[in-house]
Amino acid sequence: MASNTSATSHPGHLLTEQELLAMPEADYMNDDQLEFFRHRLRELEQEILNNADATTEHLRETQFVPDPADRATIEEEHALELRTRDRERKLLKKVQQSIARIDSGEYGWCEETGEPIGIRRLLARPTATLSLEAQERREMRQKLYGD
């Protein structure tokens, strides 16, 4: 793996997005880049866990409301909040799988083709496991065959 001069000149320095994007292709998924994404994924993981805790607290604090219209509004808000948390629970699983992929050396590489997923795509979607081309092929197959 290639070494990164900015990290060697600043031990413990976490890359910025600009530094990450400025790196040559030969440095793809080097230790500094992996550490950048590990940090980003850990932050996302913590944010999801904090949201889950806040939802739990919010649902516990709910008081009985005698007015049926108010009660219906509160129940709808709770249902929406629970749907959001369910989506976040699925995202949390993907985040944790991505961290495991960093640990195993598979992060940043397409599961289907073995090609690089690409820094820009990983910045936009740090849990991506497919290159853009492989993802588009998968979506086309799903659309055609209901896969």
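Computed from the coordinates by the stated procedures, all read-outs in this text should not be read as laboratory data. From a predicted model like this one, the values you see are computed outputs, not experimental measurements. Cβ: placed from backbone, ideal geometry, glycine included. Neighbour counts: every protein chain shown.
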| field | Projected label distance in nm at GLU115 and LYS90, using a 7 Å step from Cα toward the beta-carbon | value | 2.7
| Cβ-based exposure ranking for PHE36, PHE64, in which fewest neighbours within 10 Å come first | PHE64, PHE36
| Counting only residues 5 or more places away or on other chains, whose amide H sits under 5 Å from the amide H of TRP109 once H atoms are built in the peptide plane? | ILE117
| query | So, counting K/R as plus one and D/E as minus one, what does the shell of residues with Cβ under 12 Å around ALA69 add up to? | reply | -3
| remark: Karplus ³J(HN,Hα) for the stretch 132-144 (6.51 cos²θ - 1.76 cosθ + 1.60, θ = phi - 60°; Hz, whole; x = Gly/Pro) runs 4, 5, 5, 5, 5, 4, 4, 5, 5, 4, 4, 5, 6
| said: With unit charges on the beta carbons (Lys and Arg positive, Asp and Glu negative) and the dipole taken about the Cα centre of the stretch 15-145, which residue among ILE99, LEU132, PHE37 sits farthest to the positive side? | reply: LEU132
| Tell me, what ³J(HN,Hα) does each residue in the stretch 39-51 have, in order and in whole Hz, if you take phi through Karplus 6.51 cos²θ - 1.76 cosθ + 1.60 with θ = phi - 60° and put x for Gly and Pro? | 4, 4, 5, 5, 4, 5, 4, 5, 4, 5, 5, 5, 4
| query | Calculated from DSSP H runs of 4 or more alone, at -39500 (n - 2.57) each and per residue, what is the 222 nm mean residue ellipticity of the chain, nearest 500? | reply | -22500 deg cm²/dmol
